[in-house]
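See structure below.
Every number in this text was worked out from the coordinates using simple rules, so none of it is lab data. Only a predicted model underlies this, so the values are computations on that prediction, with no experimental measurement involved. Cβ atoms come from the backbone with ideal geometry, glycine included; neighbour counts cover every protein chain shown.
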Amino acid sequence: MNRFASAALALTVLAATAGCMSAPSNLDLSLTRPTVDNKFVVTLQPPAKPAAINQLHSWQVRLASPSGTPIAHARIKVDGGMPQHGHGLPTRPQATQELADGTYVIEGMKFSMTGWWEIKLAIDSPEGVDKVTFNTVVAEAAAGR
Ligand SMILES: [Cu+2]
């Protein structure tokens, strides 16, 4: 094998390794999930149009009991980050409004790069305290504009 061929091979191996750092293929991307202790069922609603990288966007969270009763007057703390990169969210999103039917608005969401992000919600309500983690994959397509 000549030097050029082995360099090309090394590059191929490098590309394959970088490929492994893309989001795990078995990620649970469900937008409706039970909380860790099954006190609530949480539905996360992303913006209608995927937000561009480094642009602020709002999400909505719908909070219900396991039997479907909306949970009002909850406080929701938002945390998250990229598990594969070891960094958190670039902003500190806040639940700023409570709409009807246990729906809350989260403002200040921002993704600074493509890939696998976790969105972690800590819920504190008159019905109890619990938490839930959602996975979201920010795709290249969303990064375009
Ligand atoms: Cu990252």
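Report the full-extension gain for the segment ASN26 to GLN55: residue separation times 0.36 nm, less the Cα-Cα distance, to one decimal in nm. Please list the in-between numbers first.
On the way: separation 29, 0.36 × 29 = 10.44 nm, distance 2.75 nm.
Extending this stretch completely gives an extra 7.7 nm.
Find how much the distance from LEU99 to THR133 grows on full extension, using 0.36 nm per residue of separation minus their present alpha carbon separation; answer in nm with one decimal.
Values: separation 34, 0.36 × 34 = 12.24 nm, distance 2.18 nm.
Taking 0.36 nm per residue and subtracting the Cα distance, the gain is 10.1 nm.
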If R0 = 35 Å, then THR69 and GLU118, at their Cβ-Cβ distance, give a FRET efficiency to the nearest 0.05 of 0.80
As straight-line cross-link partners of LYS110, the qualifying lysines (C-alpha separation under 19 Å, not fewer than 8 residues apart within one chain) are LYS49, LYS77, LYS120
Diffusion coefficient in µm²/s returned for segment 23-143 by Stokes-Einstein, Kirkwood Rh over C-alpha pairs, 4 °C and 1.567 mPa s, is 89 µm²/s
